[in-house]
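Structure record follows, encoded as structure tokens.
The values are calculated or read from the model by the stated rules, or taken from the named source; none is laboratory data. Quick caveat, the model's predicted, so the values are computed rather than measured. Cβ atoms come from the backbone with ideal geometry, glycine included; neighbour counts cover every protein chain shown. Only protein heavy atoms, including side chains, enter the accessible area calculation; ligands, DNA and RNA are left aside. Shrake-Rupley method; radii C 1.70, N 1.55, O 1.52, S 1.80 Å.
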Amino acid sequence: MNILNAMTHNSDKKLLNAILENEKSKAPNLLTSACGWSSLLTLLYLTEDSNYKYEILEYKNSGDSKYGEKNRVVGYGAMRIYKEETPFSLNEKEKIQIKELATLALYEAIVHNKRVQIDINKLSTKLHEKLGAFVTLYLDKKLKGCIGRFEPDQALYDVVIDMAIAASRHDTRFTPLTSDELKNTEV
């Protein structure tokens, strides 16, 4: 059980120390602390310094079954490994910044037929996170376009620029947004 407890710390050092402690204990007939311990170590190397959490779900040994002997056992552990995510949210200033960015993207695309150029160093660090996003446009309070993507493969600011342009030009339910409609368009 101490091997599983060591795993919950997501630390290769804790696992190796637990294995060494078991060896030093000179427990009779102890052949190994964990079959495939090197695989466990590799798993820890892959998840260390990340937001992964290890949770023990169950531990049993072969002596717990009706066919097992209590004096010679093999242990079995089940763990859940999951990534603990910090919920993403924008503060009011960041919400204003992202909305202004979408609006600028619309104006540049529709009026000048260009992709907006921005100084990304002036953007909040949260807008640099790789996230999906949807941009919805309303013309005179009625839906005029809504396009987005779920894949977190681009910085949020890039996704918002792309989706603002796509919502204004490529939502097949509506005609493309015109420069005359911009003043009555809400993002």
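What to note about this one:
- Residues in the stretch 1-37 that are more than 21 Å from LEU57 (Cα to Cα), open to solvent by less than 80 Å² (accessible area, probe 1.4 Å) and at pLDDT 80 or above: LEU16, ASN22, SER25.
- From ASP162, ASP153, residue being closer than 24 Å to SER89 by Cβ, of a type in the set (D, E, K, R) and open to solvent by less than 70 Å² (accessible area, probe 1.4 Å): ASP162
- Set side by side, the residues LEU90, LEU4, LEU40 differ, and just one is among the aliphatic types (A, V, I, L, M), assigned to a loop (DSSP other than H, G, I, E, B) and either touching a residue at least 60 places away in the same chain (Cβ under 8 Å) or touching a helix residue (DSSP H, G or I) at 6+ places or on another chain (Cβ under 9 Å) (or both), which is LEU90.
- Verdict on ALA78 being outside any loop (DSSP other than H, G, I, E, B), under 30 Å from THR42 (Cα atoms), out of contact with any helix residue (DSSP H, G or I) (no Cβ under 8 Å at 6 or more places or on another chain) and among the hydrophobic types (A, V, I, L, M, F, W, C): yes
- Residue that is most open to solvent (accessible area, probe 1.4 Å) [pool: residues in the stretch 84-111 that are touching a Ser or Thr at 6+ places or on another chain (Cβ under 7 Å) and more than 16 Å from ALA133 (Cβ to Cβ)]: VAL111
- If you go through the stretch 58-74 and keep only what is surrounded by 10 or more Cβ atoms within 10 Å (Cβ to Cβ) and touching a residue at least 12 places away in the same chain (Cβ under 8 Å), you end up with TYR59, LYS60, ASN61, SER62, ARG72, VAL73, VAL74.
- Residue in the stretch 120-131 that is most open to solvent (accessible area, probe 1.4 Å), counting only those that are more than 15 Å from LYS99 (Cβ to Cβ) and not in a strand (DSSP E or B): LYS122
- Considering residues of the stretch 171-181 that are assigned to a helix (DSSP H, G or I) and out of contact with any helix residue (DSSP H, G or I) (no Cβ under 6 Å at 6 or more places or on another chain) only, the residue most open to solvent (accessible area, probe 1.4 Å): ASP180
- Some residue of the stretch 60-76 being among the β-branched types (Val, Ile, Thr) and within 26 Å of the chain's Cα centre (by Cα): no
- Residues located in the stretch 124-174, provided they are at pLDDT below 95 and of a type in the set (A, V, I, L, M): LEU131
- Selection of the stretch 132-170 for residues being of a type in the set (A, V, I, L, M, F, W, C) and in a helix (DSSP H, G or I) yields LEU156, VAL159, VAL160, ILE161, MET163, ALA164, ILE165, ALA166, ALA167.
- The single condition among (1) surrounded by 16 or more Cβ atoms within 10 Å (Cβ to Cβ); (2) farther than 21 Å from GLU85 by Cα that LEU143 does not satisfy is (1).
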